[in-house]
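Structure, as structure tokens:
Any read-out appearing in this document is the output of simple, stated calculations on the displayed coordinates, not a laboratory observation. From a predicted model like this one, the values you see are computed outputs, not experimental measurements. Reconstructed Cβ throughout: ideal geometry from the backbone, glycine too, with neighbour counts over all protein chains shown.
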Amino acid sequence: MRYLLPLYLLLAAVGVQADTYRWTDSGGRTVISDTPPPGGAKSIAKLGGKPEASDGLSFATKRAMELFPVTLYTTPDCVAECKNARDLLNGRGTPFTEKVLQTQEDIDELKQLVGDLFLPSLKVGKQSFRGFEAGAYNNLLDLAGYPKSAARITGGDSK
């Protein structure tokens with residue numbers, strides 16, 4: 001009986017260190033689990049262990065950040081619309097990088113992304129939207145798995 005307690009503690013410690021896996025099953029469904037995928041799985045990705053709790057972000061937010069990072073494209077003279085875009089992202093608690101266009105290379109990057117110089121523009125993973133429309137921004141964030149509300153963030157990281 002006295003050997004059971006160390007065994008339970010050992011098993012509990014192993015569970016805390018468990019890795020997370022994402023794969024596509026034979027039916028085409030995406031599976032995220034802490035158990036390794038079966039032999040016939042496709043698109044296997046090892047997502048790592050449990051995220052750190054010290055930064056205050058939820059597991060869902062961290063997972064969305066890894067898979068679908070958010071970039072907001074702005075310029076110094078984009079005032080009202082860019083503020084609305086920032087406010088929406090901050091209101092949802094969505095971590096984002098703000099890329100302030102300053103060089104021709106930055107402008108060319110945005111044109112490649114959305115087809116023209118249209119500000120603000122939002123990129124979520126590989127999806128993008130030009131201009132500001134709250135419904136479209138929320139839709140992209142919802143599809144990427146960002147929570148609808150979270151702890152308020154003071155702003156994006158400027159690049």
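For Phe96, nonlocal amide neighbours, meaning residues 5 or more places apart or on other chains whose placed amide H falls under 5 Å from its own, are Asp157.
Given a cut-off of 20 Å, name the pairs among Lys42/Lys62; Lys62/Lys123; Lys99/Lys126 whose C-alpha atoms lie farther apart than that in the structure shown.
Among Lys42/Lys62; Lys62/Lys123; Lys99/Lys126, the Cα-Cα distance tops 20 Å for Lys42/Lys62.
3J(HN,Hα) couplings calculated from phi for region 61-73 with the Karplus curve 6.51 cos²θ - 1.76 cosθ + 1.60 (θ = phi - 60°) are, in sequence order, 5, 4, 5, 4, 4, 5, 8, 9, x, 10, 10, 10, 9 Hz; Gly and Pro show x.
Taking other residues whose beta carbon is less than 12 angstrom from the beta carbon of Lys123, and scoring Lys, Arg as +1 and Asp, Glu as -1, yields +1.
A full extension of the chain between Ser43 and Ala134 corresponds to an added length of 29.5 nm, given 0.36 nm per residue minus the alpha carbon distance.
Rounded to whole numbers, the Karplus 3J(HN,Hα) couplings from phi for region 117-127 are 7, 10, 10, x, 10, 10, 10, 10, x, 9, 8 Hz, using 6.51 cos²θ - 1.76 cosθ + 1.60 with θ = phi - 60°, and x at Gly and Pro.
Roughly how far apart, in whole Å, are the Cα centres of region 121-152 and region 80-115? Value for the Cα centre distance between the two parts: 12 Å. Amide H to amide H, with H built 1.01 Å from N, Phe118 comes under 5 Å of no residue 5 or more places away or on another chain.
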